[in-house]
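Following: one structure in structure tokens, then a few remarks.
The values are calculated or read from the model by the stated rules, or taken from the named source; none is laboratory data. Everything quoted here is computed from the prediction, not taken from an experiment. Every residue, glycine among them, receives a Cβ derived from its backbone with ideal geometry; neighbour counts consider all protein chains shown.
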Amino acid sequence: QSKRTLLIAGNWKMNKDLAEGAKLASELVAALPEIPEGVEALVCPPTIDLKYVGCHGGILASPIKLGAQNVHWELSGAYTGETSVPMLASLPVAYCIIGHSERREYFHETDEDQNRKARALVAGGIVPIFCCGEPESIREDGTYVDYVCAQVKAGLEGLELTSPDQLVVAYEPIWAIGTGKTATAEDAQEVCAAVRSQLAEIFGQEMADGIRVLYGGSAKPGNIAELVAKPDVDGALVGGASLSAEDFSAMVMKA
Ligand code: PEP
């Protein structure tokens, strides 16, 4: 199995208004006129910025892909404040983050919600980036592999894939997100490999061998090369460092 195409995905979270987002996007387009072979770069701005960043900021005309941070599973209807898969697809958006620990914690989203979102995205031709990861207490009591595999199973079971390119999983230990505490490359490899075994149970080994499994949690230019050198780490979901064009482009070039 040759290494899968690496994905460096920036999650801007609730940062950057329209002008700031367009500025960051233009800086990224200028910094990354070409993406190295075997690497894919993705930015996920806030929903309200997607169109402006994609068009005015030039992302949709560049080799950098555009992604969303959240979606609703229904196609349309009375869901005030929500955004549907067809709305995202019409931009077009290529990827959508689901199940981020901030959405699970602050907005009480469940594995069942993620399962519905994943199905709706795949049906609508958008690739879900399904996030999973353990809190510090679970890391400390040593049950983190079982915890993360249970999230993967509940969140993705029943999803119908015809190609491994239709799904990305991001392992994001919560204790490493925005804290400056990066998991070691060995920690990342251990859990990413376990996630892949769980994916093999759900989708079969051949499909699991092609699905990208990312690491997320204080990834930055200084540690990206070591992380992606691990056999089961296929890139990174990047929070803080994705808000700087210099740092994010450096990560894409070093991956
Ligand atoms: C994230 O929240 O997806 C993330 C990985 O954040 P950071 O890189 O800032 O730790």
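Quick check on my filter: what residues within segment 203-254 are part of a loop (DSSP other than H, G, I, E, B) and either without any contact (Cβ under 8 Å) to a residue 40 or more places away in the chain or over 21 Å from Phe130 (Cα atoms) (or both)? Full working, then the answer.
Keep residues of segment 203-254 that are part of a loop (DSSP other than H, G, I, E, B), which gives 204, 211, 217-223, 229-234, 239, 244.
Matches in segment 203-254: Gly204, Ala219, Lys220, Pro221, Gly222, Asn223, Ala229, Ser244.
Is one or more of the residues making up segment 106-114 under 20 Å from Ser242 (Cα atoms), modelled with pLDDT of 95 or more and in contact with a Lys or Arg (Cβ under 8 Å, 6 or more places away or on another chain)? Lay out the reasoning, then the answer.
If we filter segment 106-114 for residues that are under 20 Å from Ser242 (Cα atoms), which is where we start, we get none.
No - not one qualifying residue is present in segment 106-114.
Do you know which of the residues in segment 1-17 that are surrounded by fewer than 19 Cβ atoms within 10 Å (Cβ to Cβ), modelled with pLDDT of 95 or more and of a type outside the set (D, E, K, R) is nearest to Lys65 (Cα to Cα)?
Once the filter is applied, the top-ranked residue is Thr5.
Being of a type in the set (A, V, I, L, M) and more than 12 Å from the ligand (Cβ to nearest atom) is the filter here, so list the residues in segment 208-236 that pass it.
Restricting attention to segment 208-236, the residues satisfying the condition of being of a type in the set (A, V, I, L, M) are 208, 211, 213-214, 219, 224-225, 227-229, 233, 236.
Selection gives Ala208, Ile211, Val213, Ala225, Val228, Ala229, Val233.
Can you tell me which residues in segment 73-126 are surrounded by 12 or more Cβ atoms within 10 Å (Cβ to Cβ) and at positive phi?
Gly99, Gly125
Has segment 192-199 got any residue that is among the aliphatic types (A, V, I, L, M), more than 18 Å from Ala255 (Cα to Cα) and in contact with a Leu (Cβ under 7 Å, 6 or more places away or on another chain)? Step through it out loud before you land on a result.
Looking only at segment 192-199, we keep the residues that are among the aliphatic types (A, V, I, L, M), and these are 193-195, 199.
Pick out the ones that are also more than 18 Å from Ala255 (Cα to Cα) and you get 193-195, 199.
Narrowing further to those that are in contact with a Leu (Cβ under 7 Å, 6 or more places away or on another chain): none.
No, the conditions are met nowhere in segment 192-199.
Of all residues in segment 140-170, how many are out of contact with any strand residue (DSSP E or B) (no Cβ under 8 Å at 6 or more places or on another chain) and either outside any helix (DSSP H, G or I) or of a type in the set (S, T, N, Q) (or both)?
Residues in segment 140-170 being out of contact with any strand residue (DSSP E or B) (no Cβ under 8 Å at 6 or more places or on another chain) and either outside any helix (DSSP H, G or I) or of a type in the set (S, T, N, Q) (or both): 9 in total.
Of the conditions (1) at pLDDT below 95; (2) among the polar types (S, T, N, Q); (3) under 23 Å from Leu6 (Cβ atoms), Thr162 clears all except one; give me its number.
With respect to (1) at pLDDT below 95; (2) among the polar types (S, T, N, Q); (3) under 23 Å from Leu6 (Cβ atoms), Thr162 is out only on (1).
Where the second residue is part of a helix (DSSP H, G or I) and the first is under 11 Å from Ile129 (Cα atoms) and lies in segment 164-177, which pairs have Cβ atoms under 6 Å and are six or more apart or on separate chains?
From residues that are under 11 Å from Ile129 (Cα atoms), the pairs are Gln166/Val122; Val169/Val195; Tyr171/Val191; Tyr171/Cys192; Tyr171/Val195.
Give me the residue from segment 26-48 that is within 18 Å of the chain's Cα centre (by Cα) and free of Cβ contacts under 8 Å to residues at least 40 places away in the same chain and, out of that set, farthest from Pro92 (Cα to Cα).
By that ranking, first place goes to Gly38.
Could you tell me which residue of segment 237-252 is surrounded by the fewest Cβ atoms within 10 Å (Cβ to Cβ), considering only residues that are more than 15 Å from the ligand (Cβ to nearest atom) and not acidic (Asp, Glu)? So that I can check it myself, show each step before the final result.
Let us first name the residues in segment 237-252 that are more than 15 Å from the ligand (Cβ to nearest atom), namely 245-246, 249.
From what's left, not acidic (Asp, Glu): 245, 249.
Values: Ala245: 19, Ser249: 21.
Only one residue tops the list, namely Ala245.
Specify which of the listed residues (Glu27, Glu40, Glu20, Glu34) is more than 16 Å from the ligand (Cβ to nearest atom) and in a loop (DSSP other than H, G, I, E, B). Quick ask: steps written out before the conclusion?
On the way: Glu27 fails: in a loop (DSSP other than H, G, I, E, B); Glu40 fails: in a loop (DSSP other than H, G, I, E, B); Glu20 fails: in a loop (DSSP other than H, G, I, E, B).
Glu34 is the lone residue from the list that is more than 16 Å from the ligand (Cβ to nearest atom) and in a loop (DSSP other than H, G, I, E, B).
How many residues does segment 176-196 contain that are away from the ligand (no atom under 16 Å from the Cβ) and either over 22 Å from Gly142 (Cα atoms) or within 19 Å of the chain's Cα centre (by Cα) (or both)? Please lay out each step first, then the result.
Filtering segment 176-196 down to residues away from the ligand (no atom under 16 Å from the Cβ) leaves 186, 189-190, 193-194, 196.
Those still in the list that are either over 22 Å from Gly142 (Cα atoms) or within 19 Å of the chain's Cα centre (by Cα) (or both) too: 189-190, 193-194, 196.
Residues that pass the stated criteria total 5.
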